[in-house]
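Read-outs: derived from the displayed coordinates by stated rules, not from any lab. This one's a predicted model, so the numbers in the text were calculated from it and none came from an experiment. Cβ: placed from backbone, ideal geometry, glycine included. Neighbour counts: every protein chain shown.
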Amino acid sequence: MSPYAPHLVLPVDEHDHIRGPLTAPITLLEYGDYECPHCGAAHPIVEDIRRRMGRRLRFVYRHFPLTTAHPNAELAAEAAEAAGAQGRFWEMHDRLFEHQDALGEEDLVAHAEALGLDLERFARELADGTHAPRVRQDFISGVRSGVNGTPTFYINDARYDGAYDVASLLGALEAVLRAA
Amino acid sequence: MSALPAGTKAPDFSLHTTPDQAVSLHEFRGRRLILAFYPADWSPVCGDQMSLYQEVLPEFQRLRAELLGISVDGVWCHLAFAKDRKLRFPLLSDFEPKGEVARAYGVYHKGSGTSERALFVLDESGTIRWSYVSPIGVNPGADGILEALESLNGGPKS
């Protein structure tokens, strides 16, 4: 039996979607799926934690669409990237998690319209699969990092296997900060 | 009881995957094989271990390995579970006598009457090249399997 501790194999870099100061002392990273109800439930918890920790935390989101279980998850992830290509990743990210019952192709275009994106470009990039390689790259980096379901969280580069209610996750983050 | 370690010849078995179809280990001679023992069908989360492996199946296949899931659930349970989760790899039923194959591999958990979450990677000759038992309640993911398969190739490959 070989002991191993699951850890992030792809370090956070400028290609990542990052919320909070780049130089924050602690990083919370999520591999998530826009159609996964558990990720939807985790979304307001993450937002709450971001508010509470302020500038001490940076939050990173990577895609891990479980396409067999969630037929809309892949295109939703690509839609977030397409919004990101127009500088609006996080607005789309929030919107998708807040509208998990509206992730069909037409819904995605409606979300893009609500955000005021260039719709022609958005629709073209979705149709062409422009952002599919990026989503795949996130997925593979997750598999190699020991993602074992969605959401999977990492605190700095260690996989966090605890509960993700506000108290547990906040406690774990504070403990890592204290130990640093 | 502890899991059979690397270097051990994998014990042969024959288990049902459907009511009228059985799968035997020796049929896989000449091919790489992943045996994924898990406690039970229907764990109540998205992206449970077997659904995750369904997503990663193309990577396993790229590394020339096939995958078998094994639990003590009966064949009808497996069929319903596989249909619900759209799993496209065989689930074997270690049902009668219950857990016999899990015991042979050293991964039967008496307290719960199920197998542990245990992974075995077998090479083309049917020898165990890597084994791992995950802590209770922790889905082990797929990274260890991929590393083990790559080491059979003589090192990481992108």
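The table below gives the values:
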{"quantity": "Peptide ranges A:55-67, A:166-178 listed from the most packed, as the mean C-beta count within 10 angstrom indicates", "calculated": "A:55-67, A:166-178"}
{"quantity": "Local net charge near residue B:13, Cβ-Cβ under 13 Å (Lys/Arg +1, Asp/Glu -1)", "calculated": "-3"}
{"quantity": "Stokes-Einstein D in µm²/s, Kirkwood radius over Cα pairs - chain A at 4 °C with 1.567 mPa s viscosity", "calculated": "78 µm²/s"}
{"quantity": "D (Stokes-Einstein, µm²/s), Kirkwood Cα radius, the range A:122-180, 1.306 mPa s at 10 °C", "calculated": "115 µm²/s"}
{"quantity": "Gain on full stretching of the segment that runs from residue B:147 to residue B:64 - 0.36 nm per residue minus C-alpha separation", "calculated": "28.6 nm"}
{"quantity": "Charge dipole magnitude, Cβ of K and R +1, D and E -1 - the protein assembly as shown, Cα centre, debye nearest 20", "calculated": "1140 debye"}
{"quantity": "Residue among A:78, A:106, A:91 with the largest mean-square fluctuation in a Gaussian network model of chain A, springs linking Cα atoms under 10 Å", "calculated": "A:106"}
{"quantity": "Residue A:90-residue A:167 pseudo-label distance in nm [points 7 Å out on the Cα-to-Cβ vector]", "calculated": "2.9 nm"}
{"quantity": "Packing rank of A:81-88, A:114-121, where each peptide gets the mean count of other beta carbons within 10 Å, highest leading", "calculated": "A:81-88, A:114-121"}
{"quantity": "Value of [θ]222 nm, deg cm²/dmol, for chain B, DSSP H segments ≥ 4, -39500 (n - 2.57) each, nearest 500", "calculated": "-7500 deg cm²/dmol"}
{"quantity": "Inter-chain shielding of B:131-144 (mean C-beta neighbours from other protein chains, 10 Å cut-off)", "calculated": "4"}
{"quantity": "Peptide ranges B:93-106, B:6-19 listed from the most packed, as the mean C-beta count within 10 angstrom indicates", "calculated": "B:93-106, B:6-19"}
{"quantity": "The range A:24-179: relative contact order as a whole-number percent, Cα under 8 Å and 6+ apart", "calculated": "34 percent"}
{"quantity": "Counting DSSP beta bridges with both ends in the range B:33-144, the antiparallel % (nearest 5)", "calculated": "60 percent"}
{"quantity": "Shielding by other protein chains, A:5-13, mean Cβ within 10 Å", "calculated": "1"}
{"quantity": "Peptide A:149-158 - average C-beta neighbours from other chains (10 Å radius)", "calculated": "2"}
{"quantity": "Antiparallel DSSP beta bridges within the range A:24-179, percent to nearest 5", "calculated": "50 percent"}
{"quantity": "Ratio Rg/Rh, restricted to the protein assembly as shown and using Cα atoms, in which Rh is the Kirkwood radius", "calculated": "1.00"}
{"quantity": "Of every Cα-Cα pair in the range B:1-80, the percent that sits beyond 20 Å", "calculated": "41 percent"}
{"quantity": "Evaluated over the range B:33-144, the Cα radius of gyration and Dmax, each in Å", "calculated": "13.1, 37"}
